[in-house]
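Report on the structure given below.
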Amino acid sequence: MAKTLKKGPASVEFRNVVKKYGTIAAVDGVSFTVEPGTLVTLLGPSGCGKTTTLRLVAGLEIATSGQILIGGADVTRLSAADRDVSMVFQSYALFPHMNVLDNVAYGPSVQGVPKAQAHEMAREKLRLVGLADYDLRLPSELSGGQQQRVAVARALTLEPQVLLFDEPLSNLDAKLRRRVREDIRDLQQSLNLTVVYVTHDQQEALAVSDRVIVMSNARIAQAGSPRDLYESPASLFVADFMGDSNIVEAEIVSVAEGSARTRLADIVLELPARGLAPGPVKIAIRPEALAVCLVKPEMPSIAGTVAKAAYLGTHMEYTVATAAGALFVVDKNVAEPKALGTGLWLGLTRVGVALVPRS
């Protein structure tokens, strides 16, 4: 069984790329680099430019200006057929009348590879994705997760330099989504693939990515590791988009040696200054960064009262009224739920609390 693809992975680079439709910029001055053998996710709400960016990599759209390089070669003006990339589409686009083997062998076949050789190439990729015994099945006889893997095997058959995924899990139910995203990540790492991945799902992006590029209004809002983006958002948009976040008003009292002494309601916090000066500021507090306590803890804490409560099986969700405003809290203690009107303390842990530069 083949363990790696024959070609090495390639880098992808955008240099100030613009794509306009008439006077409307769908991608506006976007620059980034995807290192070889890494998985980078383009994340953002509908209409932010992420899918257009992916189509620009694929050659399905041609840039209005700027440069696109794959493996160091300028491909800006090349068509999709002349770029060494493959895309796994949201719909999978499997041919319903063809069996699995013929679906996967389709690429080499249309390029003139003899049928026996194309089938052998297809069998090799089906082994890679764990579907070696599914050659003769039709797509309708497969589960959603199996269809996804067939689509991946077909994309891999020509051993592209770059593999592209366009919302690959959107057609799967919630339970299957986690398993298939793990399959994609395992495959990407074991085969050392360069992957550009598009999703609007924050959890999906955090789970599969080496780096995440968050897009907003056709531009890059922030790029970095999943942990960087979640714990140190560069703007209110990123803080709010990357999972739930409480955005509250505070004031930086003083800054010294990169640390900001910050007043939040009636407590004082020492937080990384992130280049901010004394004055009004906003703080992003992740729900899981708030510890629910019935007695005042030793850590900095805010008094509050439970205004809403919801049981979600693995955790409780509370909305707590405090002097800093209503705070959304996630608490793993489901054995002792707090009733509406319960007075409590919310302790602020060190992770998940960050000053947010004003946009």
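The table that follows gives values for the structure above.
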| item | result |
| --- | --- |
| Computed label-point distance, nm, for sites S254 and K296 using a 7 Å Cα→Cβ extension | 2.4 nm |
| Most to least packed among 192-200, 260-268, 123-131 [average Cβ atoms within 10 Å] | 192-200, 123-131, 260-268 |
| Dipole magnitude of the stretch 2-236 about its Cα centre (Cβ charges: Lys, Arg +1; Asp, Glu -1), debye to nearest 20 | 80 debye |
| Cβ crowding within 10 Å averaged over residues, with 236-248, 135-147 ranked highest first | 236-248, 135-147 |
| Accessible-area ranking of F95, F89, F32, largest first, probe 1.4 Å | F89, F95, F32 |
| MRE, 222 nm, helices only [DSSP H, n ≥ 4, -39500 (n - 2.57), over the chain, to nearest 500] | -6500 deg cm²/dmol |
| Accessible surface, the chain, averaged per residue in Å² (probe 1.4 Å) | 47 Å² |
| Debye intensity ratio I(q)/I(0), log10, the stretch 244-356, q values 0.16 Å⁻¹ (C-alpha model) | -0.69 |
| Q203/E317 FRET efficiency (R0 25 Å; Cβ-Cβ; nearest 0.05) | 0.95 |
| The chain: angle of helix 115-128 to the longest principal axis, Cα-based, in degrees nearest 10 | 20 degrees |
| Rounded to the nearest 10 Å², the accessible area of S209 at probe 1.4 Å | 10 Å² |
| Charge-dipole axis of the chain as Lys and Arg at +1 and Asp and Glu at -1 on Cβ define it, positive-most pick from F165, A324, Q222 | F165 |
| Local net charge near S65, Cβ-Cβ under 9 Å (Lys/Arg +1, Asp/Glu -1) | +2 |
| Lysine pair count for the chain [Cα-Cα under 21 Å; pairs on different chains or 8 or more apart] | 13 |
| Tilt relative to the chain, helix 174-190 - C-alpha long axis, 0 to 90 degrees, to 10 | 60 degrees |
| Unit Cα scatterers, Debye sum, the chain: log10 I(q)/I(0) for q = 0.09, 0.10, 0.12, 0.13 Å⁻¹ | -0.62, -0.73, -0.94, -1.03 |
| Theoretical gain in end-to-end length, R350 to D244 [0.36 nm per residue, Cα-Cα removed] | 36.5 nm |
| Distance in nm between pseudo-label sites at Q111 and E336 (7 Å out along the Cβ direction from Cα) | 6.3 nm |
| Percent carbon-and-sulfur accessible area, the stretch 271-359, ignoring ligands, DNA and RNA, probe 1.4 Å | 61 percent |
| Rounded percent of accessible protein surface that carbon and sulfur make up, the stretch 2-236, 1.4 Å probe | 48 percent |
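The values are calculated or read from the model by the stated rules, or taken from the named source; none is laboratory data. What you see is a predicted model, and the numbers here were worked out from it, not measured in a lab. We place every Cβ from the backbone using ideal geometry, glycine too, and count neighbours over all the protein chains shown. Accessible surface areas use protein heavy atoms only, side chains included; no ligands, DNA or RNA. Shrake-Rupley method; radii C 1.70, N 1.55, O 1.52, S 1.80 Å.
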